[in-house]
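As C-alpha cells, the structure follows; a few thoughts come after it.
Each reported figure results from applying straightforward, stated rules to the coordinates on display, with no laboratory input. All figures in this text were calculated on a predicted structure; none of them were measured in a lab. Cβ sites come from the backbone with ideal geometry, for glycine too, and all protein chains shown count toward neighbours.
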Amino acid sequence: MDILNYDEIDLAETIKRSEEDVNKVLDIVSDILNNVRLNKDDAIREYTEKFDGVTIENLKVSKDEIEEAYDTLDDSLLAALKQAASNIEKFHKKQIPQEWEMEVNPGIVAGQIVRPINSAGCYIPGGRAAYPSSI
C-alpha cells in the first residue's frame with residue numbers, strides 16, 4: 001500500500017490516476033456483466049475457470065454437497081457462522097420493502113407489491129480472504 005502525505009503530493013495528479021484506475025476497472029466489470037447478461041451460465045463457467053481455475057459443469061449445489069460441506073466444518077466455526085447468519089438476517093429483515101397501497105383519487109389506487117423469486121444464483125469469488133458474510 002502506498003502512503004501519501006497530503007503536503008507532498010500533487011493532489012490533481014493523484015486523483016487523476018485514481019480516476020483512470022476506476023475507469024479501467026469499470027470497463028472490465030461492464031464487459032463481464034454484459035457477457036453474463038448475454039451468455040448466462042456459460043459466461044459464469046468461463047469466469048469461474050478463468051479466475052478460480054475450476055471447471056464446473058453444474059452450477060447448482062446439490063444437497064449432498066451441502067451436507068458434505070457441513071460435515072467438514074469444525075463445530076466452533078459452524079456455530080460462529082450460524083451466529084453471523086442470524087445477525088445478518090435480523091439486520092436485513094429490517095430492509096425488506098413493505099407492500100402498500102393508497103387511493104390517490106377516488107377509484108384510482110396506486111401502491112407497491114413485493115414478490116419473492118423462486119431461486120437465485122450467486123458467484124462467490126475464490127480470493128485470498130474468506131468473508132462468509134458477503135455470501
Practice task
Examine segment 80-97 for a residue that is touching a Phe, Trp or Tyr at 6+ places or on another chain (Cβ under 9 Å) and surrounded by 10 or more Cβ atoms within 10 Å (Cβ to Cβ), and state whether such a residue exists.
Solution key: no
Completion exercise
Counting only residues that are assigned to a helix (DSSP H, G or I) and either surrounded by 10 or more Cβ atoms within 10 Å (Cβ to Cβ) or not acidic (Asp, Glu) (or both), segment 1-18 contains a total of 8
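Among the residues of segment 18-62, write down those that are among the charged types (D, E, K, R) and within 18 Å of Tyr123 (Cα to Cα). Write out each step before concluding.
First pass over segment 18-62, keeping only residues among the charged types (D, E, K, R): 19-21, 24, 27, 31, 37, 40-42, 45-46, 49-50, 52, 57, 60.
Passing the criteria: Asp31, Arg37, Lys40, Asp41, Asp42, Arg45, Glu46, Glu49, Lys50, Asp52, Glu57, Lys60.
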Practice task
Specify the residue that is surrounded by the most Cβ atoms within 10 Å (Cβ to Cβ); the eligible residues are those in segment 37-69 that are in contact (Cβ under 8 Å) with a residue 60 or more places away in the chain and hydroxyl-bearing (Ser, Thr, Tyr).
Solution key: Thr48
